[in-house]
Amino acid sequence: MSRPLLPAALRQVWPNLPVLALGSVLVAFAWGLARVAAAAVSWAGVVLIGLLVLPLLGALLRGCLVLLTGDHFGIGTLVRTLPSSFARGLRICAPVTGVALLGFAGTYAWQVSGSPWLLPSAALGSIITLGALYVGIVALPYHVGGNGSWLRSWQVGLFVATRNPVPVLATMAAVVLAVLAAEHLSVALVLVLPAPVALVWASALRTATEHSRQMLAATSPQKGAAPR
């Protein structure tokens, strides 16, 4: 039986406060830019969230996953791995952002025109966007961690997410709550908000992947270990 990972994640906060604070500030700064852009042009905010905020959060997620294993991940490691982590996160987030923009455009066209013929495309775009976000909850930290190719990361994300809906949905809920809270919190609190979100996300991912490995080991042990 695996030990609870969320308490382990919470225990990582104080001893690793400097690196978590730095990662949080980077993500919060990107979030501020996205909000400013969204105030001017709504779709620009979507682009910055997908191509800047989430890849930076992916880099912080990578550090949280390392910390959950008990290994060291300090400020120096964060700075050294930031370019590669950001690039790998961008590979996952870019197509999701493209899908989200298409869904946004379809919904906007339907709202402006009011044509019932555009409703199916708007609904389909929204469903595809939600599906990509759902699978991306697993694919993003998996790929940023250097565990496999782009296609492999999406395959693992689909496998894990469809068999472990509770931790994936919990992560999505935590992210949504954090976004809503950021609208009402002071700047100082927004600066530290990404760290607990990343720790919860990393803990949920570890829980889901460990359960998936156990499922595969139980059903087809001759095929080897499940993806890590």
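The values are calculated or read from the model by the stated rules, or taken from the named source; none is laboratory data. Only a predicted model underlies this, so the values are computations on that prediction, with no experimental measurement involved. We place every Cβ from the backbone using ideal geometry, glycine too, and count neighbours over all the protein chains shown.
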Worksheet item: Would a scan of region 43-60 turn up a residue that is exposed (fewer than 15 other Cβ atoms within 10 Å of the Cβ) and farther than 27 Å from Tyr134 by Cβ?
Response: no
Item to complete: Taking the options Gly76, Gly106, Gly131, Gly136, name whichever one is more than 19 Å from Arg213 (Cβ to Cβ), touching a residue at least 40 places away in the same chain (Cβ under 8 Å), in a helix (DSSP H, G or I) and not basic (Lys, Arg).
Response: Gly136
Fill in: Residues of region 144-153 classified as part of a helix (DSSP H, G or I) and more than 21 Å from Cys64 (Cβ to Cβ), total
3
Item to complete: Please give the number of the condition Trp117 fails out of (1) surrounded by fewer than 16 Cβ atoms within 10 Å (Cβ to Cβ); (2) outside any helix (DSSP H, G or I).
Response: (2)
Worksheet item: Looking at region 183-196, is at least one residue surrounded by 12 or more Cβ atoms within 10 Å (Cβ to Cβ) and polar (S, T, N, Q)?
Response: no
Practice prompt. Specify the residue that is nearest to Ala195 (Cα to Cα); the eligible residues are those in region 67-106 that are modelled with pLDDT of 90 or more and of a type in the set (Val, Ile, Thr).
Written response: Ile75
Practice prompt. Give the number of residues within region 157-190 that are modelled with pLDDT under 90 and outside any helix (DSSP H, G or I).
Written response: 4
Discussion item. Tally up the residues in region 83-94 that are in contact with a Leu (Cβ under 8 Å, 6 or more places away or on another chain) and under 9 Å from Ala59 (Cα atoms), please.
Written reply: 2
